[in-house]
Amino acid sequence: MIIETIPVGPLQANAYIIGDEVTRQAVVIDPGDEGDRILQVVKANDLKVNEIICTHAHFDHVGAVGDIKKETGAKIIMHKDDMETYSLAKDQGAFWGFQVEDLPQPDGFVSEGDEMKIGNLSFKVMHTPGHSKGGICLYGEGIVITGDTIFKGSIGRTDFPGGSIEELKSSFRRIIELPDDTRVFSGHGPDTTIGYEKQTNFFMSEL
């Protein structure tokens with residue numbers, strides 16, 4: 001499995017490229033900015049991007065979906081419960097002082113339990129609301145992509161529209177029950193493991 005982490009934009013949101021080494025099929029996850037940089041990594045790895053997956057629709061995670069789609073023809077995929085947030089991403093970015101281009105409409109939606117195939121790789125969709133209504137995580141192949149649900153030592157904010165601390169507690173509990181050796185790739189900051197988070201994440205005391 002190929003996994004490339006690319007922190008993008010002023011908020012250094014992690015965009016991810018996951019690819020199958022055999023088939024060279026790939027997805028781009030959370031391209032929030034700097035589409036050119038992301039596409040350079042795609043090209044350097046000789047990958048074919050079929051889908052753009054948004055773990056959630058805040059502006060710093062979706063800002064470059066149009067650029068990636070234009071160059072690759074990939075389908076934009078997210079959870080339907082984040083459509084309102086997606087439609088407001090441009091305005092949300094402007095509120096925080098960032099310019100976000102008009103975004104193309106999603107091509108499809110995923111739900112809890114759906115399986116996503118990337119060549120010979122397989123990931124299960126976990127609907128994990130709390131940071132946003134339609135937040136999702138992708139679990140499989142020994143890793144979990146968590147968006148802004150959980151970070152190394154911390155959790156995502158719940159004070160944005162659609163956020164809920166009670167839903168985040170439930171989502172956090174689901175993630176932390178994954179195997180200890182599962183590698184966690186979050187929306188900001190370094191990767192970690194479930195076992196490490198069980199021992200160090202401050203939010204464990206809230207469960």
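Every read-out reported here was derived from the displayed coordinates using simple, explicitly stated rules and does not represent laboratory data. No experiment lies behind these values; they were computed from the predicted model shown. Here the Cβ positions follow ideal geometry from the backbone for every residue, glycine too, while neighbour counts run over all protein chains shown.
Test of understanding: in a Gaussian network model of the chain with alpha carbons linked when under 10 Å, which of F95, F172, F123 would top the mean-square fluctuation ranking?
Per the Cα network of the chain with a 10 Å cutoff, F95 tops the list.
Cross-link candidates for K75: which lysines have Cα within less than 23 Å, leaving aside residues fewer than 8 places away along the same chain?
K43, K48, K90, K117, K124, K133
With just the Cα atoms defining each centre, how far is region 148-178 from region 107-121? Give it in Å.
Centre-to-centre (Cα) distance: 22 Å.
log₁₀ I(q)/I(0) of region 104-207 at q = 0.14, 0.15, 0.19 Å⁻¹, via Debye over equal Cα point scatterers, no solvent, to two decimals?
So the normalised log intensities work out to -0.51, -0.59, -0.93.
Among DSSP bridges having both ends in the chain, what percentage is antiparallel? Round to the nearest 5.
Around 65 percent antiparallel, to the nearest 5.
Could you check which residue among P190, P106, P129 shows the biggest mean-square fluctuation in a GNM of the chain with a 10 Å Cα cutoff?
In this elastic network of the chain, the residue with the biggest mean-square fluctuation among P190, P106, P129 is P190.
Name the residues of region 179-194 whose amide N is less than 20 Å from a point 7 angstrom out from the Cα of R157 along the C-beta direction?
Answer for this model: 186-190.
Relative contact order of the chain, please, whole-number percent, based on alpha carbon pairs below 8 angstrom and at least 6 residues apart.
It rounds to 15 percent for the chain.
Take every Cα pair under 8 Å in region 11-86 that's 6+ residues apart, average their separations, divide by the length, and report that relative contact order as a whole percent.
Relative contact order, region 11-86: 30 percent.
Per-residue counts of other Cβ atoms within 10 Å, averaged by peptide: what ranking do you get for 33-40, 192-199, 159-166, 130-137, highest first?
Going by the mean number of other Cβ atoms within 10 Å, highest first, we get 130-137, 33-40, 192-199, 159-166.
Could you give the Stokes-Einstein D for the chain in µm² per second, using the C-alpha Kirkwood radius, 10 °C, 1.306 mPa s?
95
Please report Rg (one decimal) and Dmax (integer) in Å for the Cα set of region 1-105.
13.0, 43
Given the options G156, G108, G66, which has the most mean-square fluctuation in a GNM of the chain, springs set between C-alpha atoms less than 10 angstrom apart?
G108
Decide, for region 152-193, between rounded, prolate and oblate: order the square roots of the alpha carbon gyration tensor eigenvalues as a ≥ b ≥ c, take rounded if a/c falls under 1.5, and otherwise choose prolate if a/b is larger than b/c, else oblate.
Note, shape of region 152-193 comes out oblate.
Calculated FRET efficiency, T200 and I3, Cβ-Cβ r, R0 25 Å, to nearest 0.05?
Efficiency, from the Cβ-Cβ distance: 0.65.
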